[in-house]
Amino acid sequence: MSAGEVAGSRLARMIARLITQRACLEWAAAEIREIDGPVLELGLGKGRTYDHLRRLLPDREILVFDRFVHAPRDCVPPGGTLVLGELRKTVADATARLAGRVALIHADIGSGDRSADSALGADLAPHLAALPRPGGLVLCDRELALDGFDRVPLPPGAADWRYFIYRTPNHEDGDDRP
Ligand SMILES: C[S@@+](CC[C@H](N)C(=O)[O-])C[C@H]1O[C@@H](n2cnc3c(N)ncnc32)[C@H](O)[C@@H]1O
């Protein structure tokens, strides 16, 4: 740590979170370039990560989920790509339409209430496991139990912040399981 640097303050933790999110999203956007399908952003919030994703992936359909809109007007997703409501319901509905077709899910759903967050993660996990294409990715700010998925280490450039990357086993890639 350099002179004057403070670890662990709210400011330092926010910076670590944002640096990590940026590194993970940029890595993921490059990883899915050859994988077709929409991107799902769970947790529009202030639109920071959505805005970054749409610039990284300008030609990709990005479906954005939240219970309400509190993003700046220029970060509100265009009509038809914003899905409002409780994630347990809206993500289940999306799974019915998009199972096995999604290239990337970014779930930024943390609220600061650890037990509520882990209950939400547990409820969403079966859907997050069903949505991606082979080789598709799930990024989340909370640890998830995704059966059969590989946990991927954080990419270079990530800071000291817990973030979770999972990849579906790629059955099309030399895997001869039925
Ligand atoms: C951490 S914020 C997202 C921050 C955002 N990605 C950004 O970069 O600005 C989490 C968001 O998830 C939403 N959220 C959390 N739990 C939810 C639920 N059960 N149903 C719908 N939305 C939920 C909240 O309303 C909040 O906007």
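Counting only complete DSSP H runs, which helices of the chain cover 27 Å or more along their long axis at the Cα atoms and score a mean Kyte-Doolittle of 1.0 or above?
Correct list, ordered by number: empty.
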message: So if each residue of separation counts as 0.36 nm, and I subtract the Cα-Cα distance between Leu11 and Ala96, what length gain in nm does that give?
response: 26.6 nm
task: Multiply the residue gap between Ser115 and Arg67 by 0.36 nm, knock off their C-alpha separation, and tell me the result in nm, one decimal place.
output: 15.4 nm
query: Where does the stretch 10-167 land on Rg/Rh, using Cα atoms and the Kirkwood Rh?
result: 0.92
- request: Before rounding to the nearest 500, sum -39500 (n - 2.57) across all DSSP H runs of length at least 4 in the chain and divide by the residue total; then give [θ] at 222 nm in deg cm²/dmol.
  value: -11000 deg cm²/dmol
query: If you average the sequence gap of Cα pairs under 8 Å that are 6 or more apart and divide by the length of the stretch 10-167, what percent do you get for the contact order?
result: 27 percent
message: Leaving out ligands, DNA and RNA, and with a 1.4 Å probe, what % of the accessible surface on the chain is carbon or sulfur?
response: 51 percent
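Give the accessible surface of the chain per residue, rounded to a whole number of Å², with probe radius 1.4 Å and ligands, DNA and RNA excluded.
I get 55 Å² per residue for this part.
At a Förster distance of 30 Å, what's the computed FRET efficiency of Lys89 paired with Arg48, Cβ-Cβ distance as r, to 0.05?
Approximately 0.75, to the nearest 0.05.
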- prompt: Which whole-angstrom value gives the distance between the alpha carbon centres of the stretch 47-89 and the stretch 102-153?
  reply: 17 Å
statement: Highest mean packing first, using Cβ neighbours within 10 angstrom, the peptides 62-69, 39-46, 15-22, 113-120 sort as 39-46, 62-69, 15-22, 113-120
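The values are calculated or read from the model by the stated rules, or taken from the named source; none is laboratory data. What you see is a predicted model, and the numbers here were worked out from it, not measured in a lab. No Cβ is skipped: glycine too gets one built from the backbone with ideal geometry, and neighbour counts run over all protein chains shown. We work out accessible area using only protein heavy atoms, side chains counted, and drop any ligands, DNA or RNA first. Shrake-Rupley method; radii C 1.70, N 1.55, O 1.52, S 1.80 Å.
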